[in-house]
Amino acid sequence: MGGAPKRCRCWAYLAITYFNEKARPFVEPLAQEVKASLVLPLDVRIEGQVETVFERITRECGRIDCLLHSIAFAPRDDLYGRVVDCSKAGFLTAMDVSCWSFIRMAHLAEPLMHDGGAIFTMTYYGSMRVVEHYNMMGPVKAALEAFVRYLAAELGPKKIRVHAISSGPLKTRGASRIEEFDALVDKAQAKAPARSLGSIDGVGRAVAFLATDYAKPTTGDTLYIDGGYHVMG
């Protein structure tokens, strides 16, 4: 999240969230490197915590120019099992954390995007093709991409753009929960036309471009940053 500050002389006001105390040591070094003004806990399953984060940003900054939603979760048993066997509780949890939180954040960000803005969320190729071991998260990501299109249509008149970012399989802490992830990376890299799936930095640069005025004519899209892997049959 970022915006022009009221009481800060830095070029941007950055707010970064972390999931819990276990995740905090992995997030704080990045926050320090980019000189984030706020580093706040955010577990979207805790009632009222999303609202608390936005209230803090409203008090200290008063506006948001860009919002990045990078949150997804499915219970282990449901993630590792067949989609047809998933539990109702697991399905609802995955949709709540991965999709409802995105809608809720967009709702809270809308009144703070006074001059328009950009909202991003993270998706994956498994939303449109069956990817082995991705299981229930594939349909959940498909729903997330549909929400991106609908929110883009609804928020467009206020000059708020909405995009889904679909990177190739990258080695992140979250990806480590996927079974046989290293094999998935090797297979995708060998198949991608560029023979490379890109990098976390590369994804960040592409998202940064979409947040600029140069990308104002685009909204509602899923941007693939995967070395062309998604175009292969």
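Between A194 and V27, the FRET efficiency estimated from the beta carbon spacing at R0 = 25 angstrom works out to 0.25.
Counting only DSSP beta bridges with both residues in the chain, the antiparallel share comes to about 15 percent.
In terms of packing, defined here as the mean over residues of other Cβ atoms within 10 angstrom, the peptides 20-30, 199-209, 36-46 line up highest first as 36-46, 199-209, 20-30. In the structure shown, the pairs K35/K158; K158/K216; K159/K216 are assessed against 20 Å; a Cα-Cα span above that value is assigned to K35/K158. Farthest towards the positive end of the charge dipole of region 60-151, among the residues A118, A146, I64, is the Cα of A146, using unit charges on the Cβ of Lys, Arg, Asp and Glu. Taking each residue as 0.36 nm, the span from K35 to R76 lengthens on full extension beyond its C-alpha to C-alpha distance by 11.3 nm. Of all the options Y125, Y214, Y18, the one that moves most in a Gaussian network model of the chain with Cα springs shorter than 10 angstrom is Y214. Dividing the summed helix terms, -39500 (n - 2.57) for each DSSP H run of n ≥ 4, by the number of residues in the chain produces a 222 nm estimate of -11000 deg cm²/dmol to the nearest 500.
Simple spin-label estimate for D43 and A142 gives 3.1 nm between the two label positions (7 Å along the Cα-to-Cβ direction from each Cα).
Of the residues A183, S167, V83, the one whose Cα sits farthest towards the positive end of the charge dipole of the chain is S167 (charges of +1 on Lys and Arg Cβ, -1 on Asp and Glu Cβ, taken about the Cα centre). What you get for region 65-127, charging only the Cβ of Lys and Arg (+1) and of Asp and Glu (-1), is a dipole of about 240 debye around the Cα centre.
Over the C-alpha atoms of region 65-231, the Rg to Rh ratio, Rh being the Kirkwood estimate, stands at 0.97.
Charges only on Cβ, +1 for Lys and Arg, -1 for Asp and Glu: so what's the dipole of region 23-74 about the Cα centre, in debye to the nearest 20?
Using only the charged Cβ atoms, the result is roughly 60 debye.
Where a number appears in this text, it was derived from the coordinates with a stated rule and is not lab data. What you see is a predicted model, and the numbers here were worked out from it, not measured in a lab. When we count neighbours, we look across all protein chains shown, and the Cβ atoms used for this are built from the backbone with ideal geometry, even at glycine.
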